[in-house]
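Below you'll find the structure, written out as structure tokens, and then a few comments.
Values in this text are rule-based calculations from the coordinates and carry no lab data. Note that the structure is predicted; figures quoted are calculated from it, not measured. Note that each Cβ is placed from the backbone with ideal geometry, even for glycine, and that neighbours are counted across all protein chains shown.
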Amino acid sequence: MNWNRRMHILVPAVALLMFLLPVAPPAAAQAPSTAMPTVHATQSPAGNTAALAKEAEGWLADLIRIDTTNPPGNEEATAKYIAAILTKEGLTPELLELAAGRSALIARLRSAAMPDPSRALLLVAHMDVVGVDKSKWTVDPFSATIKDGYMYGRGSVDDKGMLAANLAAFIALKRSNVRVNRDIIFLATADEEQGGEASIRFLIAKYWDKFAAGFALNEGGRVILKNGKVEYVAVQASEKVPVDVAVIARGPSGHASVPTKDNAVVHLAAAVEKIGSYTAPVRFTTIVRRYFEQLAPLEDVELAKWIRSIDTPDRGEHAQRVISDTNPLWNSMLRDTIAPTILSAGVRANVIPSEARAMIDVRLLPGDTIDVLLGELTKLVNDPSVRFEVQPDAGLAAPPSSLESDFYATITKAASEEFSGAPVLPFLSAGATDSAQLRLHNVQAYGVSPFPLTDEDSRRLHADDERIPLASFEKGVDFLARIVAEFAATR
Ligand SMILES: [Zn+2]
């Protein structure tokens, strides 16, 4: 990297952003010629965010304490809480009503009197959380208890951690008084977990003009922490498409004392068994191909060998099996998947029901269609008494975000600086996020959940005792603020 050019870029932003810092000015604020030898490559244009992160920790605790379990969501209480913080900073937040008690919130840092929406950057996070089984938690899930270096709470990772971090990055820029070269829009969404009446689909339909943008930062990626070190940063640029399908078996009802071979329960069970063991063929999307190419050098020799063979004619099939078996997430990135999730049949032990139903959760690779998959399953099940019924509100396939955009390059640079050279890998998430809807509106949306987390910590998302390491939260605030400052602060 060219140091001279680098200093030239960093100095003005640092000088301006220092305004908000409680600590001594960083060396980078000095004249390039004298400062060069003492400057670290990791110096952030957002300055030192330690005090800000502490403040954001307080916001996160408050956000966890406002119960936004969806349903019913009640996101408006959270929106009002955030609005109060933003108002205190001299900003003008706006609540966008979606349904009773459910609003999204936006606030904007303006770059010009007539800003160009295609340059604008959206900082997106959702305010609702999934439900809890309180009896399985070791602490109250809505108390934001701090224990062993963690903050516990439903939403601490998904997605109130990012909500608080976005707020911090946004406020940092405002406090710095730095001139931004593009509009920055803070957006807190509702109903992400259910995708219903208050979700981003309706938010866009109703209010798109208020937050139209060319770029977005959202959840969906991961900072992979392994043996105390960030191995890589997975930036979500695409996501799978969720489709719920009912599997329905029909047969005559009757007295259970006289069983017949056309029992709907038996037919459904046989069908579910076949569907559950079906493995869809591998298909490489551009994002997934790039992901594995960049992953190979990070893995141990044996696994790297298989990853490199994944698309070869002779060893490809075996390699795909090894990789799919090594990590269920990799399996999900390579093919359409099906998970049976709900079974229902019968009203009495002694009554043969005329109908038995299962629900299967299908996740398609973007570009694959449900009709083709159901065609395969129909052949496999091979039972005229069983049929499939695609449920309404399926996800929509969106084109992937570009890996050549300036913003992707900024994220890559910031990740490397923040995490001592850690690479960025493009990522296709198995789970759905608000980004698909944004991508369908020509937004280059990237999933950057900014907190370094181990596999174990990540698995607590949507699970019992969800919690975020405070050190990771602070690091995540710094990472986000760095990305935003690098991309938007005028130099
Ligand atoms: Zn989420």
key: Ranking of 114, 151, 333 by count of other Cβ atoms within 10 Å, fewest first   = 114, 151, 333
request  = Calculate, in nm to one decimal, what residue 294 and residue 208 gain on full extension: separation in residues at 0.36 nm each, minus their alpha carbon distance.
outcome  = 27.4 nm
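State whether region 401-491 is rounded, prolate or oblate according to the following rule on the C-alpha gyration tensor (a ≥ b ≥ c being the square roots of its eigenvalues): a/c under 1.5 gives rounded; otherwise a/b larger than b/c gives prolate, and the remaining case gives oblate.
Working: a/c = 1.97, a/b = 1.21, b/c = 1.63.
Oblate, since a/c reaches 1.5 and b/c is not below a/b.
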ask   = Under a Cβ-Cβ cut-off of 12 Å, what is the net charge of the residues other than residue 181 that fall near it, where Lys and Arg count +1 and Asp and Glu count -1?
value = +1
Pairwise centroid distance, computed over Cα atoms, of region 142-184 with region 463-483, Å = 8
request  = Would you mind ranking 208, 137 by Cβ crowding within 10 Å, fewest neighbours first?
outcome  = 208, 137
remark   = A chain fully extended from residue 134 to residue 65 at 0.36 nm per residue, minus the present Cα-Cα distance, gains in nm 23.4 nm
query = Pulled fully out, how much extra length does the chain show between residue 197 and residue 100, if you take 0.36 nm times their separation in residues and subtract their Cα-Cα distance?
reply = 33.9 nm
Shape category assigned to region 204-358 from the gyration tensor of Cα positions, a/c cut at 1.5 = oblate
note = For region 197-240 the mean separation of alpha carbon contacts under 8 Å (6+ apart) over residue count, i.e. relative contact order in percent, is 24
key: DSSP beta bridge pairing in the chain, given as percent antiparallel to the nearest 5   = 65
ask   = Rounded to whole Å and sorted largest first, what semi-axes of the equivalent ellipsoid does the C-alpha gyration tensor of the chain yield via the square root of 5 times each eigenvalue?
value = 44, 27, 20
Tilt relative to the chain, helix 470-488 - C-alpha long axis, 0 to 90 degrees, to 10 = 70
remark   = In degrees rounded to 10, the 0-90 angle between helix 264-276 Cα long axis and the longest Cα principal axis of the chain is 40
ask   = To the nearest 10 degrees, how steeply does helix 316-326 sit against the main Cα axis of the chain, on a 0 to 90 scale?
value = 80
Estimated distance in nm for a label pair at residue 80 and residue 349, the labels positioned 7 Å out from Cα along Cα-to-Cβ = 5.1
task = Rank these for me by crowding, 240, 134, 261, 174, going from fewest to most other beta carbons within 10 Å.
result = 261, 134, 174, 240
